Amino acid sequence: MAQLSMTSRRSHDVADFPVPTGREEVWRFAPRAALKPLFEDAGSHGRLSLSTVLSDGAVLREISSEEARARVASAPVDRISALAAKHTQRSWLLEVPAGATHPEPIILDLTGSSREVVWGQTLIEVGRDARATVVVKHSGSAIYGGNVSAVVQDGGSLELVLVQNWDADAVHAGHFATRVGRDASLRTVIVTLGGEAVRLVQTIDYAGPGGRVDARGLYFAGSGQRFEHRSFVDHREPHCASNVVFKGALQGHGARSVWVGDVLIQPSAIGTQTYEINRNLLLDDGPRADSIPNLEILTGDVISAGHASATGRFDEEQLFYLMSRGITEEQARRLVVLGFFADVLDSIGVPMIRSELMRAVEAELGYEDLET
């Protein structure tokens, strides 16, 4: 049985999380040199600017650190997320009232303007039997310790897209905490394309039976970029389901990605269905991808449970096949990469955001001038 790399410790007390040395399992892959400013217990006057697209009925307001602490989906899981909770004086809270339906996406666009340490928290709450789609974007330049929390009450449904398209010098680390209630559903899509270093830890918790979570991720690391994504699915309630799918492409010298997926099925979680998978595509000889799925099952009464991981090079046979049909090499490479990401991109239910992300992936490939 694999030992889960994600510790069970969750706390708002920074003292519970010493400065990492790199020998800890949860920090051994992290770009600690880039993250060093975020290990320091010091406040900041900086703040990301916010622009929004809100639908009628949704409420966005600022709340105190005390209220945020009481309403987050989960307590912090590491030093950076604990510091973000401590030093964010005013957090953003987006509330979708019970029974409301918001077919158009609600967009929160957070932008940094300088490379300074910034702390922040964004909370999203979807009321009982409510439906909403929310997009949270991060861009610009900053050294950002930022948490995102999403709570879906009983019978509610939320699609949440979290985009990291930072400038090349930006650093971002934080906790993406999610919790779903009885018979509620949550789909999350994490997209990481920009920044010098990005490290996100997602936790998935259930507050009642019948909850369903589909957690997907897409990342594209270029030369010198280091992206780390960790997920911890804690199945405590019966008859819940989780599906975790992360895909990454890497190209260029020093490009690095880390994915660690932990799933824990507690003795009380009978009737669980869970699966997690990670796929990485290396586009040249420069990158490195680490992929570590872990699954711990503490009950024999599960419907299904599994995990898979694979990392491979660009398939030259696919490239040859397309070129033999008259497609140029550039177009063929573009088609193969977009096809690799297709199931993650297609899972995004917002056509505007899906098209925007496809263009961003093409820009990473250097093919933004090609016809789609």
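The values are calculated or read from the model by the stated rules, or taken from the named source; none is laboratory data. Fair warning: this is a prediction, and the values are worked out from it, not measured in the lab. A quick note on method: Cβ atoms are made from the backbone with ideal geometry, for glycine too, and the neighbour counts reach across all protein chains shown.
Check the stretch 104-116 and report whether any residue there is of a type in the set (A, V, I, L, M, F, W, C), part of a strand (DSSP E or B) and in contact with a Lys or Arg (Cβ under 6 Å, 6 or more places away or on another chain). Looking for residues that are of a type in the set (A, V, I, L, M, F, W, C), part of a strand (DSSP E or B) and in contact with a Lys or Arg (Cβ under 6 Å, 6 or more places away or on another chain), one finds none in the stretch 104-116, hence no. Filtered by the rule that a residue be assigned to a strand (DSSP E or B), over 17 Å from Phe227 (Cα atoms) and aliphatic (A, V, I, L, M), the stretch 124-148 gives Ile124, Val126, Ala132, Val134, Val135, Val136, Val148.
In this structure, does Val96 turn out to be crowded, with 19+ Cβ neighbours inside 10 Å and more than 23 Å from Val135 (Cα to Cα)? I'd like the intermediate steps shown before the answer.
On the way: crowded, with 19+ Cβ neighbours inside 10 Å: yes; more than 23 Å from Val135 (Cα to Cα): no.
Against the criterion (crowded, with 19+ Cβ neighbours inside 10 Å and more than 23 Å from Val135 (Cα to Cα)), Val96 does not qualify.
Close Cβ contacts (under 9 Å, 6 or more residues apart or on different chains) running from residues in the stretch 116-140 that are among the hydroxyl-bearing types (Ser, Thr, Tyr) to residues that are in a loop (DSSP other than H, G, I, E, B) comprise Thr133/Gly349; Thr133/Val350; Ser139/Asp167; Ser139/Ala170.
Scanning for something loosely packed, with under 14 Cβ neighbours inside 10 Å and assigned by TED's automatic domain parsing to the domain that holds Ala255, does the stretch 73-87 turn up at least one residue? Looking through the stretch 73-87, none of the residues is loosely packed, with under 14 Cβ neighbours inside 10 Å and assigned by TED's automatic domain parsing to the domain that holds Ala255.
Quick grid of which residues meet (1) assigned to a loop (DSSP other than H, G, I, E, B); (2) charged (D, E, K, R); (3) in contact (Cβ under 8 Å) with a residue 24 or more places away in the chain:
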{"position": "Arg279", "(1), (2), (3)": "no, yes, yes"}
{"position": "Glu317", "(1), (2), (3)": "no, yes, no"}
{"position": "Leu322", "(1), (2), (3)": "no, no, no"}
{"position": "Ser355", "(1), (2), (3)": "no, no, no"}
{"position": "Glu362", "(1), (2), (3)": "no, yes, yes"}
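Can you name every residue in the stretch 324-339 that is assigned to a helix (DSSP H, G or I) and either in contact (Cβ under 8 Å) with a residue 40 or more places away in the chain or not aliphatic (A, V, I, L, M) (or both)? The answer is Ser324, Glu329, Glu330, Gln331, Arg333, Arg334, Val337, Gly339. Flag set for Arg256, criterion: surrounded by fewer than 21 Cβ atoms within 10 Å (Cβ to Cβ), touching a Phe, Trp or Tyr at 6+ places or on another chain (Cβ under 9 Å) and over 22 Å from Ser347 (Cβ atoms).
Condition first: buried (at least 24 other Cβ atoms within 10 Å of the Cβ) and either of a type in the set (Lys, Arg) or closer than 16 Å to Pro238 by Cβ (or both). Now tell me which residues in the stretch 180-203 satisfy that. Correct list: Val180, Ala184, Arg199. Contact map, the stretch 16-33: first residue closer than 14 Å to Glu228 by Cα, second residue modelled with pLDDT of 95 or more and of a type in the set (Asp, Glu), Cβ cut-off under 7 Å, separation 6 or more or different chains; pairs are Val26/Asp78; Phe29/Glu228; Phe29/Asp290; Ala30/Glu228.
Restricting Phe176, Phe232 to residues that are aromatic (Phe, Trp, Tyr) and either over 21 Å from Thr122 (Cα atoms) or in contact with a Leu (Cβ under 7 Å, 6 or more places away or on another chain) (or both) narrows the list to Phe176. The number of residues in the stretch 41-66 being among the charged types (D, E, K, R) and surrounded by 15 or more Cβ atoms within 10 Å (Cβ to Cβ) comes to 1.
Residues in the stretch 283-307 that are closer than 30 Å to Gly339 by Cβ, of a type outside the set (D, E, K, R) and either surrounded by 16 or more Cβ atoms within 10 Å (Cβ to Cβ) or out of contact with any Leu (no Cβ under 9 Å at 6 or more places or on another chain) (or both): Leu283, Gly286, Pro287, Ala289, Ser291, Ile292, Pro293, Asn294, Leu295, Ser304, Ala305, His307.
Within the stretch 281-315, can you find the residues that are assigned to a strand (DSSP E or B) and polar (S, T, N, Q)?
So the first thing to find is which residues in the stretch 281-315 are assigned to a strand (DSSP E or B), and the list is 281-282, 288-297, 302-313.
Within the stretch 281-315, Ser291, Asn294, Ser304, Ser309, Thr311 qualify.
Every condition in (1) farther than 18 Å from Gly208 by Cα; (2) in the same structural domain as Ala168 (by TED's automatic domain parsing); (3) of a type outside the set (Ser, Thr, Tyr) is met by Ala241 except one, and the failing one is (1). Against the test of being within 20 Å of Leu357 (Cα to Cα) and either in contact with a Ser or Thr (Cβ under 7 Å, 6 or more places away or on another chain) or acidic (Asp, Glu) (or both), the options Arg216, Arg179 yield a single qualifying residue, Arg216.
Take the residues of the stretch 149-175 that are assigned to a loop (DSSP other than H, G, I, E, B) and among the small types (Gly, Ala, Ser): which is farthest from Lys36 (Cα to Cα)? Filtering the stretch 149-175 for residues that are assigned to a loop (DSSP other than H, G, I, E, B) and among the small types (Gly, Ala, Ser), the one farthest from Lys36 (Cα to Cα) comes out as Gly155.
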